[in-house]
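To keep things clear, I will list the structure first and then write my remarks on it.
Computed from the coordinates by the stated procedures, all read-outs in this text should not be read as laboratory data. All of these numbers come straight from a predicted model, not from anything done at the bench. Glycine gets a Cβ as well: all are built from the backbone with ideal geometry, and neighbour counts include every protein chain shown.
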């Protein structure tokens, strides 16, 4: 029994929670990706303006989901909510309570603070656009015929003859 307790204590010390960051926040949900945020603002007017601007951001492959939005400082309950829903806490002109900072470190939740609305919107747009899978295109620019393969100390090299087009490295 004591060995089990020691093992559980050691495992809890080794466990580092892997929570959402703004850069790694999108999770696949049936082909559609979801970016979840908890939004806190200093005034009701700025909260309504930011929520309205965020709702205007539309992409086909990424949904922006505002889990919670409220006026006031970022509290420990906001961190716990973000942790439970794999969200990022976004604050606009607000302070972060000391208990919330320790809870964020403990839970592995990222807190982003902004004082300019356009920076907040640009960061959210960049997070949504940057985390999409890049579209890969393969364009054939030429064809070559392998004449001979050489074994060198730094690797294998193929001697080729370009049959049409051009070859680029």
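What percent does the relative contact order of region 19-130 come to when contacts are Cα pairs within less than 8 Å and at least six residues apart?
Once normalised by length, the contact order is 32 percent.
For a test of the definition: using alpha carbon positions, the gyration tensor, and the 1.5 limit on a/c, classify region 19-130 as rounded, prolate or oblate.
oblate
Taking a ≥ b ≥ c as the square roots of the Cα gyration tensor eigenvalues, with a/c under 1.5 meaning rounded and otherwise prolate when a/b beats b/c, else oblate, which class fits region 49-92?
Working: a/c = 3.42, a/b = 1.47, b/c = 2.33.
Oblate, because a/c is 1.5 or more while a/b does not exceed b/c.
How would you rank 77-83, 2-8, 99-105, 156-162, highest first, on the average number of other Cβ atoms within 10 Å across their residues?
77-83, 99-105, 156-162, 2-8
At a 10 Å Cβ-Cβ cut-off, how would you order 166, 154, fewest neighbours first?
Details: 166 9, 154 5.
Ordered from fewest to most neighbouring Cβ atoms within 10 Å, 166, 154 come out as 154, 166.
Which order do 76, 58, 65, 138 fall in if you start with the one that has the fewest other Cβ atoms within 10 Å?
Fewest-to-most Cβ neighbours within 10 Å comes out as 138, 58, 65, 76.
How much of the DSSP bridge set in region 19-130 is antiparallel, in percent, rounded to the nearest 5?
15 percent
Taking the number of other C-beta atoms within 10 Å as the exposure measure, put 90, 96, 140 in order starting with the fewest. Don't skip to the end; give the middle numbers.
Working: 90 26, 96 19, 140 7.
Ranking 90, 96, 140 by Cβ neighbours within 10 Å, fewest first, gives 140, 96, 90.
Multiply the residue gap between residue 98 and residue 51 by 0.36 nm, knock off their C-alpha separation, and tell me the result in nm, one decimal place. Provide the component values of the computation, followed by the final result.
Details: separation 47, 0.36 × 47 = 16.92 nm, distance 2.60 nm.
Once the chain is fully extended between residue 98 and residue 51, it gains 14.3 nm.
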